[in-house]
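Accompanying notes for the structure given below.
The values are calculated or read from the model by the stated rules, or taken from the named source; none is laboratory data. Computed from a predicted structure; not experimentally measured. Here the Cβ positions follow ideal geometry from the backbone for every residue, glycine too, while neighbour counts run over all protein chains shown. What goes into the accessible areas is simple: the full protein's heavy atoms, side chains included, and nothing from ligands, DNA or RNA. Shrake-Rupley method; radii C 1.70, N 1.55, O 1.52, S 1.80 Å.
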Amino acid sequence: YVYSRFAENLKGFNLDISAFLPDFGMPTKEDFERFKEQQLDEVKTSLQVENVDLLRLLVQYCYAEDVFGMLHANALLAAHQSDAKLLQETLAKLEDMAENLTRNADNTS
């Protein structure tokens, strides 16, 4: 009986202290989302790939390979086979372009 009355009386108190804490400048969830989109835009511009889904898959693949290893990264590609094939084709084209640029730069030197 005593506990139930005590619990009843606590309902009127707001124990959330966040209003009293100073702003530490910590990023919000929206800040992280905005940063993620900025990074994808930078990768999109530098790789000249317009398909955002392919870029997300590339970023996820690189993260998985770095954090969990090649087995996890390859499992990610296996789960997205059609996008993975398109990503491989796109990266192969970019690699060819880079080789041509390098070859042209060597010829002009």
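Things to note:
- Projected label distance in nm at residue 4 and residue 67, using a 7 Å step from Cα toward the beta-carbon: 4.7 nm
- Long-range lysine pairs (8 or more apart or interchain), the chain, Cα under 28 Å: 7
- Identified option (computed log10 I(q)/I(0) by the Debye sum over Cα atoms at q = 0.10, 0.18 Å⁻¹; candidates (i) -0.64, -1.08; (ii) -0.27, -0.85; (iii) -0.56, -1.01): (iii)
- Solvent-accessible surface of the chain, taken per residue with a 1.4 Å probe and all protein chains present: 86 Å².
- Our estimate of slack between residue 106 and residue 48, defined as 0.36 nm per intervening residue step minus the Cα-Cα distance, is 18.6 nm.
- Share of carbon and sulfur in the accessible heavy-atom surface of region 48-109 [1.4 Å probe, %]: 55 percent
- Only DSSP H runs of four or more residues enter the estimate; each adds -39500 (n - 2.57), and after division by the residues of the chain the mean residue ellipticity at 222 nm equals -25000 deg cm²/dmol.
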